[in-house]
Amino acid sequence: MRFLLLGDAFRNRDWRAAQVQIDAIERDRLFAFATPVLRAWLAYGSRRGDPITELGRATEGPAAGYAAEHRPLILLAQGRREGVDELGRVAQSAGPRGPRLRIAGAAAIARRDREAALTLLQGDAPSIRIARERIAQRQELPGAIDSPAAGMGEFLVRLSIDLNSNELASVSATLARLATWLAPENSETWMVAAELAARQDRHDAAIAMLANVPAGDPFAAVARDQRIRLLVDGDDKTEALREAEAAAALQTAGAADQVRLGEVLMSLDRPADAAGAFARAIAVRDDATSNYPEWTLWLMRGGAHDEAGQWPEARAALERAYSLAPDQPLVLNYLGYAQLSRRENMLEAERLIREAHRRAPDNAAITDSLGWALFLKGERAEGITLLEQAVQGAPADTEINEHLGDAYYTVGRRAEARYAWRAARVYAEGDDATRLDAKITQGMTPELAAR
């Protein structure tokens, strides 16, 4: 409630009321770490006091981290060019939020200093490229953080992300929704609020929030991806497919649009069609701008062909991925296990899986592959040990538990086998569920053995 009242004061430029609420937040202590940033934006808006001095009061803990992020934003809002280099450094260490901070800073200064704005927009992220194009064409760049309301909105978005990591979902969602009210032109507020709403199973509300990110926004494509994913998660796969197909059909469609379509098709159990979408992604991929290394697209294509039962096409795609990225554990494991499951080229399959395990020893799926390979080879004790390690790493994985159950049953550990099969059955569906039910009731036969 304090944040709501403060936001209302900031929106109405009622600096006295804002001061009262910030003082109360500090007295309440729970969110006292927020007050240096809030006082800095109050000083900026009211022109009473020095915002940078207020930020300097945050010397340790979370307050110092938030202050370090807002200092260059306030410098840029003040028109001080030293904020450019400082924001660049902050954005570089901000992870996924880095592009958003760069665009916010550039939007704040683009009208008066296009050169400085372009200096901020470094990198090849699609959102950054779109922002550069808008400035080059002298179009307005949305999402500037240059007012107390916008600054508080940005702060609440970051706070909601941090609190959500501590499983305070309801509080996080409330703060993010408040941020959309304070800074509706900041697309990040809508995307974070939508994500947190979806985690509370409020998919319809989340999808409606994303409609507030306009088509010309640098993050419009990201919001579209998020919307399609939420449609799939909310079981509205028909609408997800319609939107994914429409995006992929545009003349400007790139590899990301085709990948998105392929992923939706995979969720609809149409792997052959998905393989075609991944093939188109490979065809239109641009080395200079793509976020997808080429090997990842070939791996997706191979996986789709494999799911479709098109093994020759799958093997060719997987071998192409391997030729492009022979050191990638995912590629090594998929190509190796795909051959292992078909009992072909067993020595080479084991070599590939061993190399994958050497490079990613903590990956449960890869550990399972190696354990299963050794078990099939006859090295049962070592194989079971690795399968047990894999189950510890991924206790809810159906395939890993089934492998362990089959291995136990083969060496006469029947009670443990049924326990493992029951664990596998929890998340099994379709043919897998039917096969596991048969094993649990009647034991394993050659026809019921896992691949």
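Expressed as an acute angle from 0 to 90° and rounded to the nearest 10, what is the orientation of the C-alpha long axis of helix 380-393 relative to the principal long axis of the chain? For helix 380-393, the angle is close to 20 degrees. Modelled label positions at Gln139 and Ile52, each set 7 Å beyond Cα in the direction of Cβ, lie 3.5 nm from each other. For Ala68 and Arg359, a Förster radius of 45 Å and the Cβ-Cβ distance give a FRET efficiency of 0.80, rounded to the nearest 0.05.
Only Cα pairs under 8 Å and at least 6 apart count here; give the relative contact order of the chain as a rounded whole percent. Walk me through the intermediate numbers first.
Values: 646 pairs, mean separation 25.9, N = 451.
RCO, the chain: 6 percent.
Across the range 58-176, the relative contact order, built from alpha-carbon pairs under 8 Å that are at least six residues apart, equals 19 percent.
Starting from the Cα-Cα distance between Arg342 and Arg16, subtract it from 0.36 nm times their residue separation and give me the gain in nm to one decimal.
On the way: separation 326, 0.36 × 326 = 117.36 nm, distance 7.36 nm.
Using 0.36 nm per residue and subtracting the Cα-Cα distance, I get 110.0 nm.
Taking the Cα centre of the range 261-367 as origin, work out the dipole magnitude from +1 charges on Lys and Arg Cβ and -1 charges on Asp and Glu Cβ, in debye rounded to 20. Mind dumping the intermediate values first?
Working: 12 positive and 16 negative charges, 37 e Å.
For the range 261-367, the charge dipole is close to 180 debye.
Using all alpha carbons of the range 239-325, what is the percent of pairwise distances in each 10 Å bin, ordered from the shortest bin to the longest? That works out to 21, 50, 27, 2, in percent per bin.
Taking 7 Å steps out from each Cα toward its Cβ at Asp287 and Tyr419 produces label points 5.5 nm apart.
Short-range pairs are left out: with C-alpha atoms under 8 Å and at least six residues apart, the relative contact order of the range 239-325 is 24 percent. From its DSSP helices (H runs of at least four residues, each -39,500 (n - 2.57)), the chain gives a residue-normalised ellipticity at 222 nm of -23000 deg cm²/dmol. Loop-resident GluC sites (Glu not before Pro) (DSSP state other than H, G, I, E or B) in the range 391-451 with no more than 15 further Cβ atoms inside 10 Å of their Cβ: Glu429.
The distance linking the range 236-288 with the range 361-396 is 34 Å (Cα centroid to Cα centroid, whole angstrom). In terms of its Cα atoms, the chain spans 80, 50, 39 Å along the principal axes, sorted from long to short.
Dipole size in debye (nearest 20) for the chain around its Cα centre, Lys and Arg Cβ +1, Asp and Glu Cβ -1?
Numbers: 56 positive and 65 negative charges, 236 e Å.
Computed about the Cα centre, the dipole is about 1140 debye.
Compared with the dominant Cα axis of the chain, that is its longest principal axis, helix 126-136 is turned about 30°. Roughly what angle does helix 237-249 make with the longest principal axis of the chain, taking Cα atoms, 0 to 90 degrees, to the nearest 10? It is inclined by approximately 70 degrees. Counting only Cβ charges, +1 for Lys and Arg and -1 for Asp and Glu, the dipole size of the range 2-183 around its Cα centre is about 440 debye. Counting other Cβ atoms within 10 Å, which GluC sites (Glu not before Pro) in the range 44-128 have at most 10 and lie in a DSSP loop? Listed in order of number, the matching sites are Glu60.
No value in this document is a laboratory result; all are computed from the given coordinates. All values derive from a computational prediction rather than experimental measurement. Quick reminder, even Gly has a Cβ in these numbers, built from the backbone with ideal geometry, and neighbours come from all protein chains shown.
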